[in-house]
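Bear in mind these aren't lab numbers, they're just calculated from the coordinates by the rules spelled out. Quick caveat, the model's predicted, so the values are computed rather than measured. Neighbour counts run over all protein chains shown; Cβ positions are idealised from the backbone, glycine included.
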Amino acid sequence: MRAHSQSFPQRAQVALLDERLQAALAKARGGFVDKRRAALDQLPEFEQLRVAAREIKEHTLSHLEQYLMQFEQQVELSGGEVHWAADPAEACEIAVGLCRDADAQAVTKGKTMVGEEIGLNEALEAAALRVIETDLGEYIIQLAEEPPSHIIAPAVHKSRGEIAELFQAHHHGEEFTRPLETVPDIVDEARKVLRNEFLGADVGITGANMLIADTGSTALVTNEGNGDLTASLPRVHIVIASIEKVVPTLEDATVLLRLLARSATGQSITSYTSFFTGPKRSEDIGGPEQFHVVLVDNGRSEMLGNAYREMLHCIRCGACLNHCPVYGAVGGHAYGWVYPGPMGSVLTPLMIGLDEGHVLADASSLCGRCEAVCPMSIPLPRLLREHRLQSHRDGLMKPLARSMLGFWAAIARRPQLYRWLVERKSRLLHRIAGKRGYLRHVPMAGSWTCSRDLPAPQGGSFVAAWQRRHGGKDDSQ
Amino acid sequence: MSSASRDRILAAIRRSQNNQPKAEGSIEERLKLRPRGPLPSVEGDLETVLIDRLLAAACSVAHASSPEQIGEKIIQWLQQQDAGLKLLRSTSPLLDSIDWPDTVEVYDPADGVDHSTTLTEAFCAIAETGSLVKLSSNKSPTAMNFLPDNFICVVQRERIVRHIEDAWERVRAETEGMPRALNIITGPSRTADVEQTIQLGAHGPRLMHVIIYCN
């Protein structure tokens, strides 16, 4: 998928004015946040689990090479095969090759964010394969030819009416004629359409929420059961997973599972939590004859050794998206690539390049809600700041912003001058505002004041007030 | 090509690992001891907790104390749902011992017919989450858990465990390694992909009926 992250400011503008999108976002926002809160209230052990989860990730990442090799060995022992892909192109090549070897024509897919990351659908379609997404949200956006706008609710930006229109355009004709007025109508029609696809597919491709080194299993959580039908009915099951998904044991996976569904949808567990180990056993009725795991690196082995290592703790629950004021205002498409929200603003520049993605790190007030709700305690604001620092070092900032910032920094490093200027400026603003107490327009801040007023300073500076209260003593000393 | 990438990726990981402080604990120890994380408290009678959570997950629940009663309860439930008296049944000593009246059509997985109602026996149930655990085998293919409209699952009362970890212990004690598919099933299939409205019966079962068996 081509990245459009550079145009975040323009896309955000459009998103803010899009009434349909704003209605959909407003609907989603409360739901996710409230459900998560309620689920956490039921689990007093949440903080303990968070600490344990962090320890699991730190342990696994510091032995990642060995755990991946252990995983590979166990997959092979159970009759499966592991493939290693350094980058998206190689991962796609492997998946297409496996489909060709199986003489496949039709491929069903469960939702996989790594699949989106590597542009798998495009590659499969370019190889003349028929690809059907089976997660309802993914299916909807596949029909709409759009990327997902949320990592766990890909079609969260679509209204019921828009989905009904899409279904009418794509299904209606001979077989389906029923009007699609209610949510059950829509879900039912998707069930019927996709049931045939499940039964007719040659290859099923799913992602993995975790890889279990001890047993060589891949874990998959879904609510719809689409992942299980994708994994169980076709002749070949291919799992696409990134290398940081490995955990040592089923016990370790269990700790993460307890955090995942609660943080994502507010469920204590999803309807289906499945572990796939190898292909079908010789005596089994049904199940795939081949089991392949494609391990994707795509920059992660490098992240492991740099300042962004903690981003590899991410379990893709989406809590940071759901709690982000920026995501909540503009939705996922504004971010212009696969991963939106705070986790996306950290990952995207690492995967598509800082020059293309650095604006995402700027689009944050660093309010810290993302870190507060992250079940893995990833310091997302710190990682965003890291991107800002790096883009400043790389000279990616616009010249005007850069020189303004340089000017500000020069003054800020001279406390006396800084305070003198601030005092003057507050007094001036106070006087201009007069009795109203706020300013409608401020020179050079037009884009800020076009949608809100600037409250005028009410008196002296913070430092002056502090000194008054503490008699000139500095408490920090 | 792939094996060259394998070596390259592993080498890159090793380089990065060497840059970073090592976390505590050895791999061998972890894989041998399989330490458990913090366990959510599950208080009281396991069966009561299980039923509570099954109901919360939109399952219906019944009890049976003999194989005949399992049959009766199933017929009763199917009639309540206006479903046909026709079912695909996985094989297990308990399910095989049910004597079905002539009014019920019963098929084996090998017959591979109509999946509108399936009857299977769970490996165990987990009180913590209100889940049933299913292991794939020649007697109980995975598709039976996901294709039907009506999914009926019998679990023996002594096979209710407290935590997910207890299920792992049972799997290790009673099977030869992991099966091809292990499913932890918590209620019927559902989706919230249309306007965050929860709708049951997305791709898998629309209804899930659990029978707790104790003779």
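Structure summary
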item: Two-site label geometry, A:MET404 and A:TRP466: point separation in nm, points 7 Å out along Cα→Cβ; result: 2.5
item: All lysines inside 16 Å of A:LYS57 as judged from Cα atoms, apart from same-chain residues fewer than 8 positions distant; result: A:LYS245, B:LYS22
item: Karplus (6.51, -1.76, 1.60) ³J(HN,Hα), θ = phi - 60°, over region A:295-306, in Hz, Gly and Pro reported as x; result: 8, 10, 8, 6, x, 6, 5, 6, 4, 4, x, 10
item: Reciprocal of mean inverse Cα separation for the protein assembly as shown (Kirkwood radius, Å); result: 27.2
item: Positive minus negative residues near A:ILE132 (Lys, Arg vs Asp, Glu; Cβ under 10 Å); result: -1
item: Distant-in-sequence amide H partners of A:TYR438 (H built 1.01 Å from N, under 5 Å); result: A:ALA456
item: GNM result for chain B, Cα springs below 10 Å: residue of B:ASN19, B:ASN150, B:ASN183 fluctuating most strongly; result: B:ASN19
item: Helix runs (DSSP H) in chain A reaching 18 Å along axis by Cα, Kyte-Doolittle at least -1.0; result: A:19-41, A:46-62, A:64-77, A:88-101, A:183-200, A:250-264, A:399-412, A:415-433
item: From phi via Karplus (6.51, -1.76, 1.60), per-residue ³J(HN,Hα) for region A:216-227 in Hz, x at Gly/Pro; result: x, 9, 10, 9, 9, 10, 8, 9, 7, x, 5, x
item: Cα extents of region A:339-431 along the three principal axes, largest first (Å); result: 45, 30, 22
item: Mean ellipticity per residue at 222 nm, deg cm²/dmol - from DSSP H runs of n ≥ 4 across the protein assembly as shown, formula -39500 (n - 2.57); result: -14000 deg cm²/dmol
item: Using a Förster distance of 30 Å, the FRET efficiency for A:ASP41-A:ALA329 (Cβ separation, nearest 0.05); result: 0.65
item: Region B:1-151: Cα Rg divided by the 2.2 N^0.38 Å rule of thumb; result: 1.57
item: Reciprocal of mean inverse Cα separation for region A:43-301 (Kirkwood radius, Å); result: 19.1
